[in-house]
Amino acid sequence: MNPVLQQSLVIARRFPLLVFGVVCFVLFGLVNYFLWQQQAVAIRQHDEIRRNGEAMLLALTDQTRISAELAAVQDALKVIEQNLVTEADLANNNGYFYEIEDRTHVRLSQLNQLSSQPPAEDSAFKAVPFSLRVTGTYPQIVSFIRELETGPRLLRIKSYNFGRGDEKSNALALSLTLEMLGNP
């Protein structure tokens, strides 16, 4: 037998209480290390669950505000969808501009619906282009532009030209190229 092992057995027989203490110390040390690792995992899980719970509590307390905002967004989407132009409905599309002409007292001398480009594959809407020319006084033309901007139809002015329209009547002329949001 190995001399070191023989000497260890002699010491173990001579001091059994010391050997029992050392074995218990090593065994409890290993168990302590295992429990310490498990505690670290449990603390991380607890922190994650606590953060999720706090976020859920915040969401629950803001639920009425979120519901109100969702209802407002849904109402806005309904308004947008109701006011989309249809490219094939030329009479209704031109009628929109003629109604604004009546309200603002400008003279709509030219109105053309241009051919549109096909919408992108991921686009839910289509841009329907128009070209128009209005004449009137400065306040009338400003009123016309304000009606376009604040009207129910969504549009984007692509280009404009503002200048003198008629020398005799001292009228101004505005040429616009714009796109209205429409159904694809």
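The values are calculated or read from the model by the stated rules, or taken from the named source; none is laboratory data. None of the values given here were measured: they were computed from a predicted structure. So basically every Cβ, Gly included, is an ideal-geometry build from the backbone, and we count neighbours across all protein chains shown.
Miscellaneous remarks
For every residue, the table says whether it meets (1) surrounded by 11 or more Cβ atoms within 10 Å (Cβ to Cβ); (2) in contact with a strand residue (DSSP E or B) (Cβ under 8 Å, 6 or more places away or on another chain); (3) under 30 Å from E149 (Cβ atoms).
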residue	(1), (2), (3)
C24	no, no, no
Q37	no, no, no
A40	no, no, no
E48	no, no, no
L58	no, no, no
D62	yes, no, no
D75	no, no, yes
E87	yes, yes, yes
G95	yes, no, yes
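- Residues of region 33-91 satisfying the condition of being part of a helix (DSSP H, G or I), touching a helix residue (DSSP H, G or I) at 6+ places or on another chain (Cβ under 8 Å) and not aliphatic (A, V, I, L, M): none
- V106 satisfies every condition listed in (1) in the same structural domain as R146 (by TED's automatic domain parsing); (2) touching a Lys or Arg at 6+ places or on another chain (Cβ under 7 Å) except (2).
- Lone unmet requirement of (1) surrounded by fewer than 16 Cβ atoms within 10 Å (Cβ to Cβ); (2) more than 14 Å from S175 (Cβ to Cβ); (3) of a type outside the set (S, T, N, Q) for E101: (1)
- Matching residues, region 161-178, being modelled with pLDDT under 90 and either exposed (fewer than 15 other Cβ atoms within 10 Å of the Cβ) or charged (D, E, K, R) (or both): F162, G163, R164, D166, E167, K168, S169, N170
- Among (1) in contact with a Phe, Trp or Tyr (Cβ under 9 Å, 6 or more places away or on another chain); (2) under 22 Å from L181 (Cβ atoms), the one test that V106 misses: (2)
- V85 meets all of the listed conditions (1) of a type in the set (A, V, I, L, M); (2) farther than 26 Å from V142 by Cβ; (3) outside the structural domain of K158 (by TED's automatic domain parsing) but one, namely (2).
- Subset of region 117-136 (residues that are part of a loop (DSSP other than H, G, I, E, B) and either aliphatic (A, V, I, L, M) or surrounded by 15 or more Cβ atoms within 10 Å (Cβ to Cβ) (or both)): A120, A124, F125
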